[in-house]
Every structure is written in structure tokens, then in C-alpha cells.
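The values are calculated or read from the model by the stated rules, or taken from the named source; none is laboratory data. In this text the structure is predicted, and so the values were computed from the model without any measurement. Cβ sites come from the backbone with ideal geometry, for glycine too, and all protein chains shown count toward neighbours.
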Amino acid sequence: MANSKEKASGLLKEFKEFALKGNVVDMAVGVIIGAAFGNIVSSLVNDIFTPLIACIFGDMDFSGLKIVLREGAESAVTLNYGNFLQIVINFVIVALCLFAVIKAMNKLKKKEEPKPAEKPRLCPYCKSEIAKDATRCPHCTSVFDPVTATKK
Ligand SMILES: [Zn+2]
């Protein structure tokens, strides 16, 4: 009895560790946001882009196209290449939309953080990157005055 209880508490502890790991929560948020974002993208494709494309190029519904390989009322075998074509076209449209969205987001991000990355402090002897307030290089172990290393 005691053994199984121990096992159960060990399992519980392991589960707690697993569920409370930071990246599990992050992943859950990512999946949920991703699903919600997927709805936006599919709506953008189905409600905005597909009608526009249909308006410009005519009706692009290929899903009904097929080759009948074997005739038969119930056991007919058909090659539904139209449906496949439709899915490929939808994928291309979704990929293009995502590309446009990501490009726009990157542009926004760049505007938000215009400050360029601070120049890393370099060791005057071996030119390795070192901490800002270091007085000894961790790479070549040279000792230096903190001020001399700030300038090249
Ligand atoms: Zn060095």
C-alpha cells in the first residue's frame, strides 16, 4: 500500500513538473493563438480573397473535376484531381497571405525598435566578446583596465 502511494505521489510530482514547465504554458498559448489566427487567415482567404480572385479570373472552383476510372453506381472509382488542385491553390493563397501578414508585422516590429543593437565590448587583446564591467578577459585571461576595453 505504502509503495503504491509513493508511486502515485511521485507520478503526481512528475506531472506537476511537466505541466508547470514554462515552455508547456508557452506552447499552449501558441497553439490557442495559432488556432484563432488560423480562423482569421481562413476567413481572409474564403471571404476576401477568393471572391476577389473569382471576380478577376472568373470562377476558380475546380473541386468538381474528376476522371472516372471505373464506372459503377456504387463502386465507382474516380480520380479527384480537381479537389487536389483546389487544395493546392488554397494552400498557395494561404501561404501568400501569411507571407504578406508576416512582412507587415516585421515592418511594424522594426519601426517599434529603431535602436540598433549595442556594440559588444571586445577584449583589446584577443578581440573576443566580454562582459561590460569585466577587468579580466575570460578567453585569453588578459587583465585590463575597464575603460581601455570600451574603445577599440
Ligand atoms: Zn581576451
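Pairs are defined by a Cβ separation below 8 Å, a sequence spacing of at least 6 or placement on different chains, a first member in segment 44-57 that is on the phi < 0 side of the Ramachandran plot and outside the structural domain of Phe91 (by TED's automatic domain parsing), and a second member that is of a type in the set (Val, Ile, Thr) and part of a helix (DSSP H, G or I); the pairs so defined are Val45/Ile93; Val45/Val94; Phe49/Ile93; Thr50/Ile93; Ile53/Ile93. Between Leu69, Leu96, the distinction of being part of a helix (DSSP H, G or I) and of a type outside the set (S, T, N, Q) belongs to Leu96 only.
Restricting segment 132-144 to residues that are surrounded by 11 or more Cβ atoms within 10 Å (Cβ to Cβ) and more than 8 Å from the ligand (Cβ to nearest atom) leaves a set whose member that is nearest to Glu118 (Cα to Cα) is Ala134. Scanning segment 41-71 for residues that are over 16 Å from Val92 (Cα atoms), modelled with pLDDT of 80 or more and not charged (D, E, K, R) returns Cys55, Ile56, Leu65, Ile67, Val68, Leu69.
For first residues located in segment 11-37 and β-branched (Val, Ile, Thr), partners that are at pLDDT below 90 and lie 6+ apart or on another chain with Cβ distances below 9 Å form the pairs Val24/Phe18; Val25/Ala19.
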